[in-house]
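> So that we are looking at the same thing, I have put the structure below in C-alpha cells.
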Amino acid sequence: MQKTAVLMDGKALAAEVRQALEPRIARVRAALGRPPGLAVVLIGDDPASAVYVRNKERSAQKLGMASQVARLPASASREEALRAIQSLNEDPAIDGIIVQWPFPPQLDELEIFGAVAPEKDVDGFNPATMGRLLAGRPRYVPCTPLGIMTLLRRFEVPLQGAEATVIGRSNIVGKPMALELLRAHATVTWCHSRTRDLAVHARRADVLVVAAGKAGLVTGGMVKPGACVIDVGINQTDQGLVGDVEFESASRVAGWITPVPGGVGPMTVAMLMQNTVLAAERRAGLEPPEAR
Ligand code: GUN
C-alpha cells in the first residue's frame, strides 16, 4: 500500500487558536472596558473580497470582538480612502485595521497600506511594518505566513537547516513567507514566474510553500519524498475550488500536505484575530501570554 501524507488540518488548528484567544479577549475586556476591535476597509466590489471580509467579520463576532467594515465605492479617490483610514487610526475602539486587497488601480498600494497606523497594522502591510520583518524584529507578521508558521510548528516540521522553497514573491505572502522561514533558520530558495527550472528547486525542498495562484502548478513529480507541502492557492476551476498543488499526486509523495480548502485559508483568518488581540493587549499594556 502506498503511503499518504499527513493532512495538515488548518480548520481544526484554527479552532484551537480561536479557543486560546478567548481568555486573552476576556483579559483585554477587563483592562480596557471593551473588547478588541477590528476594522476592515473594503474598497470596490470584488466578489471574492466580499466573501473574505464577511468571513473575517463573522470570526471576530463569534469571538466576542468588535468588528466593523468601512465600505468605499470602486470610484473612491485617494483622499476618500486616506480619510477613511485616518479616522480609524484615531478611533479609540479600534485596535487593528486592514485594507482588503486588491483595491482599485487609482489607489497606490504603498500609500494606502502606508497610511495604516503602525500600531494598528495587523496585516503587516505598511512598508514600515514590512521593514521591521526584514530587520528580523517584526511588530506584526502578515497573517498568511504567520498561519503557515503556526501549522509548521504544530506539526513539528523540522525547519532548522532545512531546504525551504517558496514559489511566489507577492508582498502579501511570498516575500514575508521567505523571511519567516529564514528567521526559523531554513535555507530559503525563492522562486517565481521567471524561474528557469521550477521543478529542480521544488524537488530539492524539505518544505515547499506554493503561492503562485496557478491551479495544478506543482505535481507529485516535483515533490521530494517526505517533504512538507503547503498550498496557499485558491483557484476557482470547473472542478471547483483547487489549490496550486495537484493534491492527488502530491499527497502520495509528501510527508505532510495542506488541503484546499481547509488548510491555509482558515489559519489566515485565525491569525488576523490573533494579531488584533495582540494589538489590543499592547494598547492595554498587557503582556501577551507567550513570546511567539
Ligand atoms: N487579500 C488576500 N489576502 C489578504 C490579506 O491577508 N489581507 C488583506 N488585507 N487583503 C488580502
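> Could you look through region 101-120, keep only residues that are within 13 Å of the ligand (Cβ to nearest atom) and closer than 13 Å to I172 by Cα, and pick out the one that is surrounded by the fewest Cβ atoms within 10 Å (Cβ to Cβ)?
Taking the candidates together, the pick is P102.
> I'd like to verify a number: residues in region 222-255 that are acidic (D, E) and closer than 17 Å to D206 by Cβ, how many?
Qualifying residue count for the region: 1.
> Then there is this: Take region 144-167 and flag every residue that is open to solvent by 10 Å² or more (accessible area, probe 1.4 Å) and either on the phi > 0 side of the Ramachandran plot or within 14 Å of the ligand (Cβ to nearest atom) (or both).
T144, E156, G161
> Every residue in region 58-76 that is of a type outside the set (A, V, I, L, M) and either within 13 Å of the ligand (Cβ to nearest atom) or open to solvent by less than 40 Å² (accessible area, probe 1.4 Å) (or both), please.
Scanning region 58-76 gives S59, G64, S67.
> Now a separate question. Counting only residues that are among the β-branched types (V, I, T) and open to solvent by 10 Å² or more (accessible area, probe 1.4 Å), which one in region 265-292 is nearest to the chain's Cα centre (by Cα)?
Filtering region 265-292 for residues that are among the β-branched types (V, I, T) and open to solvent by 10 Å² or more (accessible area, probe 1.4 Å), the one nearest to the chain's Cα centre (by Cα) comes out as T268.
> Are any residues in region 169-204 over 16 Å from E246 (Cβ atoms) and among the small types (G, A, S), and if so, which ones?
Scanning region 169-204 gives S170, G174, A178, A184, A186, S193.
> Exactly one of these conditions fails for A199: (1) within 16 Å of the ligand (Cβ to nearest atom); (2) without any contact (Cβ under 8 Å) to a residue 24 or more places away in the chain. Give me its number.
(1)
> Residues of region 30-52 being farther than 17 Å from Q68 by Cα and either away from the ligand (no atom under 15 Å from the Cβ) or crowded, with 17+ Cβ neighbours inside 10 Å (or both), which ones?
A30, A31, L32, G33, D46
> Something else about it: Starting from residues that are within 24 Å of M273 (Cβ to Cβ) and free of Cβ contacts under 8 Å to residues at least 12 places away in the same chain, keep the ones in region 128-143 and report whichever is surrounded by the fewest Cβ atoms within 10 Å (Cβ to Cβ).
Across region 128-143, the extreme among qualifying residues is R137.
> While we're on this one: Does A84 satisfy the condition of being farther than 16 Å from E281 by Cα, among the hydrophobic types (A, V, I, L, M, F, W, C) and touching a Pro at 6+ places or on another chain (Cβ under 6 Å)?
Answer is no for this residue.
The values are calculated or read from the model by the stated rules, or taken from the named source; none is laboratory data. What you see is a predicted model, and the numbers here were worked out from it, not measured in a lab. Note: ideal-geometry Cβ built from the backbone for every residue, glycine included; neighbour counts use all protein chains shown. Ligands, DNA and RNA are stripped out before the accessible areas are found, and what is left, the full protein with its side chains, is counted by its heavy atoms. Shrake-Rupley method; radii C 1.70, N 1.55, O 1.52, S 1.80 Å.
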